[in-house]
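Inspection log for the structure reproduced underneath, given as structure tokens.
The values are calculated or read from the model by the stated rules, or taken from the named source; none is laboratory data. This structure is a prediction, so every number in the text was calculated from the model and none was measured. Neighbour counts run over all protein chains shown; Cβ positions are idealised from the backbone, glycine included. Remember, those area values only see protein heavy atoms, side chains included, never the ligands or the DNA or RNA. Shrake-Rupley method; radii C 1.70, N 1.55, O 1.52, S 1.80 Å.
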Amino acid sequence: MMADRSLEEKIAKAVDNAVPDIISNILSQCDNEKGKVICMEERKNRAGLFKFGAAAAAVLIMFGIFGFSSSIKMNSTVFLDVNPSIELVISGNDRIKSARALNNDAKLILEGMNLKNTDLEVGVNAIIGSMLKNGYISDLNNSILVSVENKNEAKNEELQQKITKQINDVLGIANVNGAVLSQSVNIKKPEADVLCENYGISKGKAELILAIREKDPQLLEKDLAGLTINELNLLMDSKKLEVENVVSKGEPSYKRYIDPDEAKRIALKNIGVSPDDVIRMNVSLDSENNELVYEVEVYLEGRKYDVDINAVDKRVMSQEVEITESTAFDVPNKKILTAEEAKLKVLKEFKVSPDKAGYVSVEADVDDGRYVYEVKFVYGDYKYSMTIDGYTGEVLKREAKENKLEFIDSGKPFVGKVEVEDAISSILESLGISRNDAGYIDIEIDKEDGRLVYEADFKLGNKEFSFTVDADTGKILDKKIKDKINSSDISLDFKISMDEARKIAVKTIGLIDSDAKKIRISKDVEDGRACYKTEAIIDGKEYSLKIDASTGNILENKVEQYVKNHHFDYDYDYDYDYDHDYDDDYNDDDDDNDDDNDVDDDD
């Protein structure tokens, strides 16, 4: 035991760089001659939005600050998530038995901190203080998720309430208006285990994501897993999602993000129209590729634009335009653009010099009934794609995003043992062609039959090549070569009408004429041939047909069992350019617990 004066002298020395008002407040909570200091190793001061000294957590006294106890001796598991994710195992008398960092950010938070046998609320004090000091919690990012697992409901609720109160007390001292989400979790929930394994996140965050998707299935797990808790909280707030089993206290911070009105102004400027031309506009906050984006819908006469805008840096991530079916297949009485003209127009739109663009892919196609060119290229650290009208050059779709592999929250890139360059070399060697001959190559990383594979697509001459390569061994698993469709080969000759095509579908499926309205039908082009696509869901089965628009012949006929909630497989895209450097270095830290934070199971 030590006297107050001796204790305060050691505290003052340890927290020389800490904010005085906060330390004075913490000191005032210390009871006479109680507890011990949480030991922290010395390390260099790191910059943070909040200059909380590295030893600030060391002032928190184990038994003197908070004295709550429980007669229930069942262990609990507590997850604290911001972006750092930390797992605490708590004994029945609310002492920390072990503390584990679940991602690299959390390793920084727990660095040099020995929490074993520490009172829970004192440990929470130390952890939140470290997050403040390192800038993970601030006025710009103020949300924390508290998740508790304990079979005793009363104990579970007690821990949620007390931890939430303690967090708010610490944030109040730091003048941060916090937003705390709390929930009870089921450690043995299989769906959550899958998310934890795939994305390296905590059970608490996994269960929150599952609860959000219950309310809005359009939000994909792969887009949510990389978001911070504040960003998940913003999505719930903006979409008015009442998520069950989640108690929310405080408002998430919008300070980092542009407001919806600014998103509208950016969308109109990008499209090139004035507000007077607009019939209707919708704007909503959404998630895409682990970023918050505003999805802006702009309705004009005969057209609808969809513009995605990064909610932080205002960058236009993509833009698409839909046209009405009445004009979709009208062909202007003018000459189609050449591939070179399409290429130069796109490069000019993106303000990239032709000699700086590297490999450029230019492909003719039909989209929404129009002749179009799709142009792709890599420039600097970004990959660009644009779809333009093949006759007028009107921009129908544009996208620019970082040219890199998607990374999982665990800190490891989602790649195999064979690097991208080696997979490319293996493919080209099998064909006997050079890298320069192949030009622009699309690379995807996917899972197939439980193994990682690279899927590469490129075009050379009048051929299209598709390869699948084992990402761990480099073995070519599959290759497909087919004739490339040129713009001169594309036919828009719809000799039979849409009503005639619908009747053919009714007869093929085996319906009666009165059921024709159940069939959805649209015009399309398949392998350069005009066709009708029809879909119908009848008696639990999904019927999909493709009908030749010239002859009425059935090109494709599929019948599948209809499943309302489809399972999504996640693809991670990387567009490979010969001149673009690819760096897959990462910190492969060992996931074993820090011995200093592990204790035996006795109380």
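A few comments on the model shown:
- Test: residue in the stretch 455-463 that is over 30 Å from ALA342 (Cβ atoms) and either at pLDDT below 85 or of a type outside the set (Gly, Ala, Ser) (or both): no
- Exclusive hit being touching a helix residue (DSSP H, G or I) at 6+ places or on another chain (Cβ under 8 Å) and modelled with pLDDT of 80 or more, set ILE433, ILE521, ILE504, ILE512: ILE521
- Flag for ASN141 being open to solvent by less than 50 Å² (accessible area, probe 1.4 Å), in contact with a strand residue (DSSP E or B) (Cβ under 6 Å, 6 or more places away or on another chain) and of a type outside the set (Val, Ile, Thr): no
- Filtered residue count, the stretch 136-160, keeping only those that are of a type outside the set (Val, Ile, Thr) and either within 26 Å of the chain's Cα centre (by Cα) or at pLDDT 95 or above (or both): 9
- Taking the criterion of being open to solvent by 50 Å² or more (accessible area, probe 1.4 Å) and over 18 Å from LEU235 (Cα atoms), the residues of the stretch 298-314 that qualify are TYR299, GLU301, ARG303.
- Scope the stretch 416-437; condition free of Cβ contacts under 8 Å to residues at least 40 places away in the same chain and crowded, with 18+ Cβ neighbours inside 10 Å; matching residues: LEU428
- Residue in the stretch 106-120 that is out of contact with any Gly (no Cβ under 7 Å at 6 or more places or on another chain), within 19 Å of LYS205 (Cα to Cα) and of a type in the set (Lys, Arg) present: yes
- Subset tally (residues that are open to solvent by less than 20 Å² (accessible area, probe 1.4 Å) and within 25 Å of VAL89 (Cβ to Cβ)) for the stretch 212-230: 2
- Pairs linking a residue in the stretch 137-158 that is closer than 19 Å to LEU235 by Cβ and among the basic types (Lys, Arg) to a residue that is assigned to a loop (DSSP other than H, G, I, E, B) and open to solvent by 10 Å² or more (accessible area, probe 1.4 Å), with Cβ atoms under 9 Å and 6 or more positions apart or on different chains, do not occur.
- Some residue of the stretch 401-413 being outside any loop (DSSP other than H, G, I, E, B) and at pLDDT 80 or above: no
Every residue, every condition in (1) surrounded by 17 or more Cβ atoms within 10 Å (Cβ to Cβ); (2) over 27 Å from ALA357 (Cβ atoms); (3) in contact with a strand residue (DSSP E or B) (Cβ under 7 Å, 6 or more places away or on another chain), yes or no:
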| site | (1), (2), (3) |
| --- | --- |
| ILE441 | yes, no, yes |
| GLU444 | no, no, yes |
| ASP449 | no, yes, no |
| LEU452 | yes, yes, yes |
| ASP457 | no, no, yes |
| GLU464 | no, no, yes |
| VAL469 | yes, no, yes |
| ASP472 | no, yes, yes |
| ASP478 | no, yes, yes |
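- Candidates ASN282, ASN233, filtered to the one that is surrounded by fewer than 17 Cβ atoms within 10 Å (Cβ to Cβ) and among the polar types (S, T, N, Q): ASN282
- Looking only at the stretch 384-403, residues that are under 17 Å from PRO354 (Cβ atoms) and in contact with a strand residue (DSSP E or B) (Cβ under 6 Å, 6 or more places away or on another chain) come to 4 in all.
- The stretch 285-297, subset farther than 24 Å from ARG370 by Cα and open to solvent by 50 Å² or more (accessible area, probe 1.4 Å), residue modelled with the highest pLDDT: GLU295
- Among residues of the stretch 99-133, those that are in a strand (DSSP E or B) and farther than 21 Å from LEU227 by Cβ, counted: 5
- When ILE96 is tested against (1) touching a Lys or Arg at 6+ places or on another chain (Cβ under 9 Å); (2) part of a helix (DSSP H, G or I); (3) aliphatic (A, V, I, L, M); (4) crowded, with 23+ Cβ neighbours inside 10 Å, only condition (2) is not met.
- Matching residues in the stretch 223-251 - criterion: being in contact (Cβ under 8 Å) with a residue 60 or more places away in the chain, in a loop (DSSP other than H, G, I, E, B) and more than 15 Å from VAL146 (Cα to Cα): ALA225, GLY226, LEU227, GLU251
- For the stretch 251-263, the set of residues classified as buried (at least 19 other Cβ atoms within 10 Å of the Cβ) and farther than 11 Å from LYS314 by Cα consists of PRO252, SER253, listed by residue number.
- In the stretch 438-455, the residues that are of a type outside the set (Val, Ile, Thr) and without any contact (Cβ under 8 Å) to a residue 60 or more places away in the chain: ALA438, GLU448, ASP449, GLY450, ARG451, LEU452, TYR454, GLU455
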